[in-house]
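Scroll down for the structure; my scribbles are underneath it.
The values are calculated or read from the model by the stated rules, or taken from the named source; none is laboratory data. Because the structure is a prediction, the values reported are computed rather than measured. Ideal geometry is used to build each Cβ from the backbone, glycine not excepted, and the neighbour counts take in all protein chains shown.
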Amino acid sequence: MSAPPVALADGDARLTIATRGAEAVAWSVGGVELLWPGDAAIWSQICPILYPVVGWTRDGARVGGKSYPLGLHGFAAAEDFAVEAATDEFARLILRDNERTRALYPFAFALAAEYRLLGAALEMTLEVANPGDGPAPYACGLHPGFRWPFARGGRTGARVVFERAEAAVVPVIAPGGLISAATRPFPLRGNALDLDDALFVGDALCFLEPASRSLRFEQADGSAIEMDFTGFGRAALWTRPGAPFLCLEAWTGYSDPEGFAGELFDKPAMRTLAPGERARHKAIYRYFAA
């Protein structure tokens, strides 16, 4: 049985974190609920942590010639984290390798998820450490789903504005969730993308080498949620067409390319930690009222 959730508060901001998956399950500022509540009929998750891969592996992960059934976004979201530290505004939860994780990913690790409330800003940090005696490959990410619409905004007229001009093409998502060499265009106007369900018929919009390090999910009334993903370097937008949420995702890695048959160490965008090494990846989400 999972431990009770952790509750944080700073001024009129509130955050609730489940110990299962160290998942943020509610974030509000001034009484405005920002995270979508989850719905098993549409998408049951709210803000899952992605580790030790982002996206899909092609027929599992291969390490040392052996295959491991490592599925979509890894296993962190299904594991119980221990609360290592908690104050009014800050919490740190940690997951260490165990028998279940080693059957999917044969490496020692310590994955910490940190949350810090700073008024209308929420800092989310993933720290990955390698306590083992050999190198360990990993990717990680954040996958929060935000209400669309949120506050008093409407669904119509919402857009995403990128920090910088971006190429108006994204990779085609191939069968099995893999990254195709083909691309598809999307209707970027300058650095602004008008949101429409048709954008997501072909799955997520994945920005694997973006010029931007931040983006804003804006509504017609002027309210906005900004994501600074500098600490991750990659981003994605995703929803199910017609669903009342939009995910603003921060990634270090991404799905296997179509046809990839290499080992996990060779998977594009994977990072490798030496024994005793650790890395930190931070994203900041900010709410702006209308």
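For the range 176-187: of the residues being without any contact (Cβ under 8 Å) to a residue 24 or more places away in the chain and not polar (S, T, N, Q), which is surrounded by the most Cβ atoms within 10 Å (Cβ to Cβ)?
Of all residues in the range 176-187, those without any contact (Cβ under 8 Å) to a residue 24 or more places away in the chain come to 182-187.
Those still in the list that are not polar (S, T, N, Q) too: 182, 184-187.
On the way: A182: 11, R184: 14, P185: 9, F186: 18, P187: 11.
Checking each candidate, the answer is F186.
So which residues in the range 131-164 are aliphatic (A, V, I, L, M), under 21 Å from the mean Cα position of the chain (by Cα) and surrounded by fewer than 22 Cβ atoms within 10 Å (Cβ to Cβ), if there are any at all?
The answer is V161, and nothing else.
Might you check whether a residue that is under 16 Å from G177 (Cβ atoms), touching a strand residue (DSSP E or B) at 6+ places or on another chain (Cβ under 7 Å) and modelled with pLDDT of 95 or more occurs anywhere in the range 220-235?
Going through the range 220-235, the residues under 16 Å from G177 (Cβ atoms) turn out to be 234.
Next, only the ones that are touching a strand residue (DSSP E or B) at 6+ places or on another chain (Cβ under 7 Å) stay: 234.
Next, from what is left, pick out any that are modelled with pLDDT of 95 or more: 234.
Checked against the condition, which is being under 16 Å from G177 (Cβ atoms), touching a strand residue (DSSP E or B) at 6+ places or on another chain (Cβ under 7 Å) and modelled with pLDDT of 95 or more, the range 220-235 yields at least one hit.
Scan the range 78-95 for residues that are part of a loop (DSSP other than H, G, I, E, B) and farther than 18 Å from P52 by Cα and jot them down.
Within the range 78-95, T87, D88, E89 qualify.
If a residue has to be of a type in the set (G, A, S) and surrounded by 13 or more Cβ atoms within 10 Å (Cβ to Cβ) to count, how many in the range 41-57 make the cut?
1
I'd like the residue in the range 212-239 that is part of a strand (DSSP E or B) and small (G, A, S) and, out of all such residues, is surrounded by the fewest Cβ atoms within 10 Å (Cβ to Cβ). Show your work before the answer.
Going residue by residue through the range 212-239, those that are part of a strand (DSSP E or B) are 214-218, 224-228, 234-238.
Adding the requirement that they be small (G, A, S) leaves 214, 224, 235-236.
Details: S214: 18, A224: 21, A235: 25, A236: 23.
Selected residue: S214.
I'd like the full set of residues that are closer than 15 Å to E114 by Cα, touching an Asp or Glu at 6+ places or on another chain (Cβ under 9 Å) and outside any strand (DSSP E or B), limited to the range 1-37.
If the condition is that a residue be closer than 15 Å to E114 by Cα, touching an Asp or Glu at 6+ places or on another chain (Cβ under 9 Å) and outside any strand (DSSP E or B), then T19, G21, A22 are the ones that fit.
If F146 satisfies every condition in (1) of a type outside the set (D, E); (2) in a loop (DSSP other than H, G, I, E, B); (3) out of contact with any Ser or Thr (no Cβ under 8 Å at 6 or more places or on another chain); (4) touching a residue at least 60 places away in the same chain (Cβ under 8 Å) but one, which is the exception?
Here F146 meets the rest and fails (2).
From the list G253, G276, G242, pick out the single residue that is within 17 Å of the chain's Cα centre (by Cα) and either in contact (Cβ under 8 Å) with a residue 40 or more places away in the chain or surrounded by fewer than 23 Cβ atoms within 10 Å (Cβ to Cβ) (or both).
G253
Could you pull out every one of the strands (runs of 3 or more DSSP E) wholly within the range 165-211 that has 1 or more residues that are more than 16 Å from L248 (Cα to Cα), at pLDDT 95 or above and more than 17 Å from the chain's Cα centre (by Cα)?
Values: elements: 169-174, 178-185, 192-194, 205-207.
Correct list: 169-174, 178-185.
Report yes if L111 is assigned to a loop (DSSP other than H, G, I, E, B), of a type in the set (A, V, I, L, M) and at pLDDT 95 or above, otherwise no. Explain how you work it out, then say what you get.
Details: assigned to a loop (DSSP other than H, G, I, E, B): no; of a type in the set (A, V, I, L, M): yes; at pLDDT 95 or above: yes.
No: the conditions fail for L111.
What about T125, is it under 16 Å from T252 (Cα atoms) and not aromatic (F, W, Y)?
yes
Given the criteria assigned to a strand (DSSP E or B), among the small types (G, A, S) and within 30 Å of G119 (Cα to Cα), does A243 qualify? Lay out the reasoning, then the answer.
Details: assigned to a strand (DSSP E or B): no; among the small types (G, A, S): yes; within 30 Å of G119 (Cα to Cα): yes.
So A243 fails the test.
Of all residues in the range 115-143, which are in a strand (DSSP E or B) and of a type in the set (A, V, I, L, M)?
Within the range 115-143, L117, L118, A121, L122, M124, L126, V128, A129, A136, L142 qualify.
Of all residues in the range 155-164, count the ones that are free of Cβ contacts under 8 Å to residues at least 60 places away in the same chain and in a strand (DSSP E or B).
Going through the range 155-164 one residue at a time, the tally reaches 3.
Sort through G60, G38, G31, G11 and tell me the only one that's out of contact with any helix residue (DSSP H, G or I) (no Cβ under 6 Å at 6 or more places or on another chain), modelled with pLDDT under 95 and surrounded by fewer than 17 Cβ atoms within 10 Å (Cβ to Cβ).
On the way: G38 fails: modelled with pLDDT under 95; G31 fails: modelled with pLDDT under 95; G11 fails: modelled with pLDDT under 95.
When all the criteria are applied, what remains is G60.
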